[in-house]
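J.: Pasting a structure below so you can have a look.
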Amino acid sequence: MDRSGSMSGQPLHEALRCAEYIAGGLQKTDRSAAVLCDDTVHIPLPLRPAGNAEACRKALAGVESGGSTALFDGWQAGANLLEGKTAGTISRVLLLSDSQAHHGLCDEQEIRRHCARRAAQGVSTNGRRHELLRPNG
């Protein structure tokens with residue numbers, strides 16, 4: 001989840017609401033994690049068995065916006081959590097962002113290569129690709 005300055009107010013509120021909604025729909029056999037990014041990456045909820053929306057709510061309580069958007073770094077941290085855990089499962093990184101990346105890796109072709117490599121390893125990414133990969137500027 002992007003928590004950068006551009007997500008201030010309603011966008012961050014909606015992203016948090018979406019995260020809680022998604023967590024509430026997971027089964028106990030699912031696994032989930034929460035990754036926050038601005039110009040740094042923070043993992044308030046490491047990969048663990050899901051089925052407890054309250055754990056997600058508590059992990060994301062008090063999240064505030066600030067900093068630049070290192071969208072690739074946040075995506076990569078989420079993909080790294082799923083590394084090696086894909087055999088026989090659906091492994092997916094869900095990006096909740098306004099897609100205004102301007103910190104860290106922003107080169108669209110390089111990001112596409114990383115996404116393709118992870119997809120070949122069984123880790124897909126959900127979002128509107130043309131917006132997720134568009135650097136701000």
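J.: Mind listing just one residue for me: the one in segment 1-46 that is open to solvent by 50 Å² or more (accessible area, probe 1.4 Å) and among the charged types (D, E, K, R) and, of those, nearest to the chain's Cα centre (by Cα)?
T.: ARG3
J.: In segment 113-137, what count of residues is obtained for those that are open to solvent by less than 80 Å² (accessible area, probe 1.4 Å), at pLDDT below 85, within 16 Å of the chain's Cα centre (by Cα) and over 18 Å from THR89 (Cα atoms)?
T.: Qualifying residue count, segment 113-137: 4.
J.: Give the residue, chosen from GLY5, GLY25, that is closer than 20 Å to THR69 by Cα and either out of contact with any Leu (no Cβ under 6 Å at 6 or more places or on another chain) or modelled with pLDDT of 90 or more (or both).
T.: So the residue among GLY5, GLY25 that is closer than 20 Å to THR69 by Cα and either out of contact with any Leu (no Cβ under 6 Å at 6 or more places or on another chain) or modelled with pLDDT of 90 or more (or both) is GLY5.
J.: For GLN109, only one of the following conditions fails: (1) part of a helix (DSSP H, G or I); (2) under 14 Å from the mean Cα position of the chain (by Cα); (3) polar (S, T, N, Q). What is its number?
T.: With respect to (1) part of a helix (DSSP H, G or I); (2) under 14 Å from the mean Cα position of the chain (by Cα); (3) polar (S, T, N, Q), GLN109 is out only on (2).
J.: Here's something else I'd like to know. Tell me yes or no: at least one residue of segment 54-69 is surrounded by fewer than 17 Cβ atoms within 10 Å (Cβ to Cβ) and at pLDDT below 80.
T.: No, the conditions are met nowhere in segment 54-69.
J.: Wholly within segment 1-90, which helices (runs of 4 or more DSSP H) include no fewer than the required count, namely at least 2 residues that are within 19 Å of SER124 (Cα to Cα)?
T.: The helices (runs of 4 or more DSSP H) meeting that bar are 10-24, 71-82.
J.: On the given criteria, is ALA101 under 24 Å from ARG113 (Cα atoms), out of contact with any Asp or Glu (no Cβ under 7 Å at 6 or more places or on another chain), modelled with pLDDT under 90 and open to solvent by less than 40 Å² (accessible area, probe 1.4 Å)?
T.: Yes, satisfied.
The values are calculated or read from the model by the stated rules, or taken from the named source; none is laboratory data. If you're wondering where the values come from, they're calculated on a predicted model, not measured in any experiment. Here the Cβ is made from the backbone with ideal geometry for all residues, glycine too, and neighbour counts use every protein chain on show. Remember, those area values only see protein heavy atoms, side chains included, never the ligands or the DNA or RNA. Shrake-Rupley method; radii C 1.70, N 1.55, O 1.52, S 1.80 Å.
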